[in-house]
Structure formats: C-alpha cells, structure tokens
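Here is the structure we will look at.
The values are calculated or read from the model by the stated rules, or taken from the named source; none is laboratory data. Everything quoted here is computed from the prediction, not taken from an experiment. Here the Cβ positions follow ideal geometry from the backbone for every residue, glycine too, while neighbour counts run over all protein chains shown.
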Amino acid sequence: MTDADATPQADAAAQTVKIRLNTPIRRAGGDIAEITLRKPKAGALRGLKIEDVYQTDVNALIVLVPRISEPALIAAEIEDMESDDLIELAGAVKGFFMSAEMKAAINRLLGVPSAK
C-alpha cells in the first residue's frame, strides 16, 4: 500500500472522511477494508467530553466511532484494531473539530498544495 492509499480522503464539504485500513477488520459477512466517518453532530457526542474527543482519547474513540462510522463498527472491533489504523481514525475525528484556518496552517507546514 502506498502512502497515498493510507491518507484519509475528505469530501468537499468535510462532512465525511474515507479511510482505507492497512489491516482490514475481519467480519463473518466480509472483511472491512475502508471506513467512512461522518462529522459528528451533538447527539453522537452524547455522554462524551469534547476535550477527550479532541485529544483523541482512546476510550472516547471507542464510544464515538461506532456512532459515526459506515459500515457501523462495534466497540470490540475498534479495540482489536491495529494502532496505525486507530491513529488514522483518530486524526480524521480530530479534523472534524479543526477550523479551516487550522487545517490550512497544517497543510502549509506539511507542504501540501492548497485546493482552490
């Protein structure tokens, strides 16, 4: 897999992010190699501290990701996920809470050309 394959892909409105997993999740109905995360609304954050979500606390991710993932994951699948894939999910979740200016600053630091 190339680095480009592992990079989360956000839609134009940044309401969803597709993530290709390095290690697919094994399911009886078929393995899951790609997950789409939806930007969480207030209801999906119920019972969580925003600070924990923004700091990508693993326990907060285990609660939140099943609420915003397609296909819907269960907590046990997230707990069994490889750490590199969990970090990709965590980065995508954190990105939902970043302003456009913050994202642009990070892209400038990384040398990513701006999309116009």
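Points to keep in mind about this one:
- Test: residue in region 41-58 that is loosely packed, with under 12 Cβ neighbours inside 10 Å, under 30 Å from Ser114 (Cβ atoms) and charged (D, E, K, R): yes
- Restricted to region 24-40, and to residues there that are in contact with a helix residue (DSSP H, G or I) (Cβ under 6 Å, 6 or more places away or on another chain) and part of a strand (DSSP E or B), the residue that is surrounded by the most Cβ atoms within 10 Å (Cβ to Cβ) is Leu37.
- Residues of region 67-80 classified as in contact with a Leu (Cβ under 8 Å, 6 or more places away or on another chain) and either modelled with pLDDT under 95 or part of a helix (DSSP H, G or I) (or both), total: 2
- When restricted to residues that are without any contact (Cβ under 8 Å) to a residue 24 or more places away in the chain, closer than 24 Å to Ala44 by Cβ and outside any helix (DSSP H, G or I), region 81-116 contains 2.
- Top-ranked residue in region 66-80 [being touching a residue at least 12 places away in the same chain (Cβ under 8 Å) and of a type in the set (A, V, I, L, M, F, W, C); ranked as surrounded by the most Cβ atoms within 10 Å (Cβ to Cβ)]: Ile68
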